[in-house]
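What follows draws every value from the coordinates through simple rules; no lab data is involved. As the structure is a prediction and not an experimental result, all values here were calculated from the model. Here the Cβ positions follow ideal geometry from the backbone for every residue, glycine too, while neighbour counts run over all protein chains shown.
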Amino acid sequence: MAFLPSTCQTGIVARLAASILVAVLGSAPDAVAADVSEDDVKLALLYKITRFIEWPEHDHDDFLLCIAGADTFDSAKRRLTVRSVGERAIRPVLVKDDLTSIHCDALYIARTEADRIPELTRSVRDLPVLTVSDAPGFASDGGLIGLTTRNSRIQININVAASKRAGLTISSQLLELARIVGDRQAKL
């Protein structure tokens with residue numbers, strides 16, 4: 001199911017989307033369309049998605065949101081630094097090389113970094129890291145959540161096998177909104 005359906009729920013969903021953007025981005029509804037980029041919308045959605053994910057115990061105070069993609073990082077730093085996931089303040093971290101010294105809670109890989117996806121997802125495979133990207137086929141290729149845009153609507157694709165490998169629990173409420181995809185890697 002698409003995140004923004006076009007059926008009779010459109011009005012409800014449009015108000016929900018606007019309230020998500022206002023709550024996350026701190027903008028008035030009229031201003032949202034004028035100064036919000038696609039990256040901002042996807043980051044707002046990522047922030048909301050974290051509320052429907054359960055992580056195992058952690059050993060650091062901040063919620064480390066690792067981001068591969070400088071433009072996306074700048075947007076996240078501007079919009080999400082004052083936010084928190086549960087009791088943990090979000091700290092955006094730019095991923096320049098590898099992730100061996102960073103203990104990410106979530107990893108967002110911008111589609112501009114698509115060539116790095118195999119390396120980055122391999123480095124956090126089997127770790128409790130929520131991997132999210134807007135690169136085509138991300139969830140089917142072993143990532144946990146793929147965000148795709150179709151007809152100006154964002155669709156959430158979830159790879160349940162990847163969430164089990166990561167030891168993350170996804171709320172049934174989020175699963176109901178998403179399209180469940182298989183793991184092509186498991187079939188190879």
Each residue of the stretch 174-183 in turn: what ³J(HN,Hα) in whole Hz from Karplus with 6.51, -1.76, 1.60 and θ = phi - 60°, glycine and Pro shown as x?
6, 4, 5, 7, 9, 9, 7, 10, x, 9
Just to confirm a number: summing +1 for Lys and Arg and -1 for Asp and Glu over residues other than Val93 whose beta-carbon lies under 11 angstrom from that of Val93, what do you get?
+1
For the stretch 103-183, share of DSSP beta bridges that run antiparallel, in % to the nearest 5:
45 percent
Label the stretch 77-184 by shape, choosing from rounded, prolate and oblate, from the square roots a ≥ b ≥ c of the eigenvalues of the Cα gyration tensor; if a/c is under 1.5 it is rounded, and otherwise prolate applies when a/b is larger than b/c, oblate when it is not.
rounded
Local net charge near Gln155, Cβ-Cβ under 14 Å (Lys/Arg +1, Asp/Glu -1)
+1
